[in-house]
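Taking it in order: structure first as structure tokens, then the write-up.
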Amino acid sequence: MFSKKEIKSIRNQFPILNTIINNRKLIYFDNAATTQKPKQIINSIKKFYYKINSNVHRGAHFLSKKATEKMELSRKRIKFFLNAKSSHEIIFTSGATESINLIANSISDLINKNDEILIPYSEHHSNIIPWQILCKKKKALLKIIPIDNNGNLKLEKFKSILSKRTKLISLSHVSNSLGIINPINKIIFEAKKYNILVVIDGSQAISHIPINIKKINPDFYVFSIHKMYGPTGVGVLYGKEELLKLFSPYKYGGEMIKKVLFEKTTYANLPFKLEAGTPNIEGIISTLEVIKFIKKYSIKNIKIYENKIMNYATKLLNSIKGIKIYGKVRSNIISFNLKNIHPFDGGQLLDNFGIAVRTGNHCAQPLMRFFSIPGTIRISFAIYNSFEEIDFLFKTILKIKKIL
Ligand SMILES: *Cc1c(COP(=O)(O)O)cnc(C)c1O
């Protein structure tokens, strides 16, 4: 658990936390949308353009070699961070959204008519629509795993849906709208009995829960670097090598080819086969600093600290009359509503006090429909949030309730 002094030194690394919003020091509780970035990562991007800028894998000149080396080092570090088997299993994309779209497109040859693809009720739109489109294209069936009133997957129901026709299950490790931690180990265990492929959307887990790919053993695991203190525009797709080998590319162009003839093109080996075009080089290279930052504090300790903050916030919020928190056992997210207050109004008023939260449907319209609500107010924590900020949030909500 981090001491007050450590949290202060962590906060000092994030320049944006000194911003004044509406005459108040910013309190940033929108970490599930994107985290803030520490100086080291901002400086790494600056350094790239001052000293390294060039394209990768192309020119044989000094800078290009350096950029290529750093990009491949970043791939290796991510491999170690996840404890994956090989760097060939790490594909760079533009984000979790592109990672899922890549899988849904490239796996198309393995999906046949009347096959079934399963997703839970509570998914992010980016883990719904690509499967919907794939099913439509292949005349396969999209089946929804039901949830209970606390937002938890109904496991027995889930088991009863599985059959020889089930080809793939895609689900979030942690739900972005409620913060619920899905029982992915149990899901993967059941899926393997039928040889079903499992995609895990780790966007909300990657900087909050230790991930050991060899132990979890999913077929695919995806996330965005911008939700782990890094820049936007970089995502990761981890996939088992034997499966990625079967993938057809879904983007075509430079970098991903072996030989191009007008009659026929052959593709490069993994991982390049799936990485057409110039990537977000500065973003990928600054991921080296992301891994360094996270390793310094360790996900294990971050999790312990965030859990403490979570429990403290949950206790305070639960003492407010007329509050409803959605979901029971959660990671670093609290999604709630205040009686007779529209979430948009609540969020607007919190902003007046310098508190940044997310309001709305959190890219999960089916889930909001399930609860028959227009949306929620969502607060989500990261390593730099403090107990004092929770106290201020609590007092501010009490004030807002009086105003409205
Ligand atoms: C943020 C998020 C996504 C989409 O990530 P992008 O960075 O916008 O591509 C997908 N799934 C979950 C669970 C998320 O939280």
Yes/no for Asn195 being out of contact with any helix residue (DSSP H, G or I) (no Cβ under 8 Å at 6 or more places or on another chain) and at pLDDT below 95: no
Qualifying residue in segment 5-22 (condition: in contact with an Asp or Glu (Cβ under 9 Å, 6 or more places away or on another chain), open to solvent by 20 Å² or more (accessible area, probe 1.4 Å), away from the ligand (no atom under 16 Å from the Cβ) and among the hydrophobic types (A, V, I, L, M, F, W, C)): yes
Restricting segment 178-206 to residues that are within 11 Å of the ligand (Cβ to nearest atom) and either of a type in the set (Gly, Ala, Ser) or open to solvent by 20 Å² or more (accessible area, probe 1.4 Å) (or both), the residue that is nearest to Glu241 (Cα to Cα): Gly202
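Here's the yes/no breakdown for (1) β-branched (Val, Ile, Thr); (2) within 16 Å of the ligand (Cβ to nearest atom):
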site	(1), (2)
Ile145	yes, yes
Gly151	no, yes
Lys164	no, no
Ser170	no, yes
Asn176	no, yes
Test: residue in segment 87-107 that is open to solvent by 10 Å² or more (accessible area, probe 1.4 Å), over 20 Å from Ala276 (Cα atoms) and assigned by TED's automatic domain parsing to the domain that holds Ile285: no
Matching residues in segment 235-250 - criterion: being in contact (Cβ under 8 Å) with a residue 12 or more places away in the chain, away from the ligand (no atom under 16 Å from the Cβ) and open to solvent by 40 Å² or more (accessible area, probe 1.4 Å): Glu241, Lys245, Leu246
Condition met for Ile144 (aliphatic (A, V, I, L, M), surrounded by 15 or more Cβ atoms within 10 Å (Cβ to Cβ) and either at pLDDT 95 or above or farther than 23 Å from Phe381 by Cβ (or both)): no
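The values are calculated or read from the model by the stated rules, or taken from the named source; none is laboratory data. No experiment lies behind these values; they were computed from the predicted model shown. FYI the Cβ positions are ideal-geometry reconstructions off the backbone, even for glycines, and counts take in every protein chain you see. Keep in mind that these areas ignore ligands, DNA and RNA; they rest on the heavy atoms of the full protein, side chains included. Shrake-Rupley method; radii C 1.70, N 1.55, O 1.52, S 1.80 Å.
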